[in-house]
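Laboratory data are not the source of any read-out in this text; all were calculated from the coordinates shown. No experiment lies behind these values; they were computed from the predicted model shown. Using ideal geometry, Cβ is built from the backbone for each residue, glycine included, and neighbour counts are taken over all protein chains shown.
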Amino acid sequence: MKKRIIQMTLTLVMVSVMVVAFGGCSKPAAPEAEAIVLGCPISFKATPWPLGGKYGWELAVEEINAAGGVNVGGVMRPFDLIVLDTRDEEPGVPVSECLLGMEKLILDDNVDILVGGPSMSEASIAALDLVARYDIVHLVTSGTWTPSWGKKVAEDPEKYRNSFKMSENAAHAVPVGLDLLEEVREEHNLNEAYCIIDDCMFCRNAMDVFAGLGEKRGFTILGRSAVPPGSTDYSPALLKAKNSGANLLFFWTNTATSAILFKQFVDLEVPALPVGFAAGAQEYEVYEAVDGKCAYITFPNPHACQTATKLPGDVEFQQAFESKFGKKPFGGCGGAYAGAYVLKDAIERAGSLDTDALRAALEATDMMTLNGRLMFGDNHENIYNQDPNEGIPTVYSQWINGERIAVWPQVLADSEIELPPWMG
């Protein structure tokens, strides 16, 4: 018994020594805050547009975490971004493969929220039903320009209640382009157009919107050409445009090979002002890649922060992006970057990651971003308005003297639009 008492005493002494030596153990160390896991399904190897979205999320998450993270009910928690290449913008990849990738993020990676993509409209629309099945919040910030996304949500808002989108919509971007062309028509008397598009869903939608609204606004559509996605030769379509006598070229393409379109447009000296969307037009490096033969291309670089300089935070974003990635902002980076801060704001107002609470907070969003005022409409798309104090404007930029310059809307423009010199 005496031996046992001595052993217990020695043990207590050793414990006391350890407590003193290691600074005391009266309170356990606070565990590291659990991360908010974001699953980012996005096709980032096929075209520059979604790759820019990936970069935008990475930059914003890094900034938010460096500033302390997200306040969730009084606990500061970091974002953990898991990016998965869905390959949905690669030719020949079925939509089902993209959906399987999203299911992996939900079931295997146990993500709290889906963000980013898919980017291809067909895949994003199909993802609406998958998101509804798993009852998880999904914030699309890159791609999915088709008006069909918002229409599907509006047709069954209860089923698709957890899906939100703050990327562009062709039904807004194209009319804004026509507003720009009306000004050009008034100043330069240009009103006859030829259309060249990639033969895919959102490009066909854009051409239909342009042709329909253009004719109503007094423009004449002289012809249309649909080119297979990934084509490396646009010259047959461009020659048709040149021979038609068109003085406006409407283009809408979705692949990196669109740089070939720019180069061939200049080489053939098509006497028309080129206005439209191309995945490669936003990349700063395209100018050097085609030896400057993308001059006068006018395109929606829709997020103001990527080329415009007049909204608070735009120039700072451009500098931070170039500092981190060694290149100027491009593709879908502006919407993605803003999306991370919109999500942070909604989580903090919700006070939790509960799906219903987070959805309600997103629906109530009303905040200024570096792209304009962000609010969601009844169809859960951001509200568009060319006045950045009333919504998110679509910014058109033009390649002028080796730079991407904002030329529309006028409130954000840094230059007037220029015509190709071979137009006479």
Legend entry - Restraint check, Lys263/Lys328; Lys165/Lys310; Lys104/Lys151; Lys151/Lys263; Lys242/Lys310, Cα-Cα greater than 30 Å: Lys151/Lys263; Lys242/Lys310
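Nearest-5 percent of antiparallel DSSP beta bridges in the chain?
Details: 16 of 51 bridges.
If we restrict to bridges inside the chain, about 30 percent are antiparallel.
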Inset, instruction - Convert each backbone phi in segment 68-74 into a coupling constant with the Karplus relation 6.51 cos²θ - 1.76 cosθ + 1.60 (shift: θ = phi - 60°), then list the ³J(HN,Hα) values in order as whole Hz, x for Gly and Pro. - result: x, x, 10, 7, 10, x, x
Legend entry - Segment Thr232-Asp354, length gained on full extension (0.36 nm per residue, minus Cα span): 39.1 nm
Legend entry - Computed [θ] at 222 nm, helices only, for the chain once each DSSP H run of length n ≥ 4 contributes -39500 (n - 2.57): -13000 deg cm²/dmol
Legend entry - 0 to 90° range, to nearest 10: angle between helix 2-21 axis and the chain longest Cα axis: 40 degrees
Legend entry - Charge dipole magnitude, Cβ of K and R +1, D and E -1 - the chain, Cα centre, debye nearest 20: 1380 debye
Legend entry - Positive-pole candidate from Ile197, Val176, Pro302, dipole of the chain, charges at beta carbon: Pro302
Legend entry - Amide H within-cut-off set for Asn191, under 5 Å, with H built and near neighbours excluded: Asn247
Inset, instruction - Using only Cα atoms, find the angle between the long axis of helix 48-66 and the longest principal axis of the chain, and express it within 0 to 90 degrees, rounded to the nearest 10. - result: 30 degrees
Inset, instruction - Using label points projected 7 Å from each Cα along Cα→Cβ, tell me how many nm separate Asp109 and Glu215, to one decimal. - result: 4.5 nm
Inset, instruction - Tell me which residues come under 5 Å, amide H to amide H, from Tyr384 once H is placed; ignore anything under 5 positions away on its chain. - result: Ile392
Inset, instruction - Within segment 54-74, which residues have the backbone N less than 15 Å from the label spot 7 Å out from Ala33 along Cα→beta-carbon, could you tell me? - result: 61-74
Legend entry - Amide H partners (placed H, <5 Å) of Trp252, local residues excluded: Ile196, Ile197, Asp198, Phe277
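Averaged over all directions, how much area does the convex hull of the C-alpha atoms of segment 83-175 cover when projected, in nm²?
Numbers: hull surface 23.3 nm².
Convex hull of Cα atoms, orientation-averaged projection: 5.8 nm².
Can you give the longest run of the chain that contains no trypsin sites (Lys or Arg not before Pro) sitting in a DSSP loop with at most 14 other Cβ atoms inside 10 Å? Don't skip to the end; give the middle numbers.
Numbers: sites that count: Lys45, Arg217, Lys310, Lys327.
Maximal segment without exposed cleavage sites: 46-216.
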Legend entry - Helix 314-325 axis, angle to the chain major axis (alpha carbon atoms, nearest 10°): 70 degrees
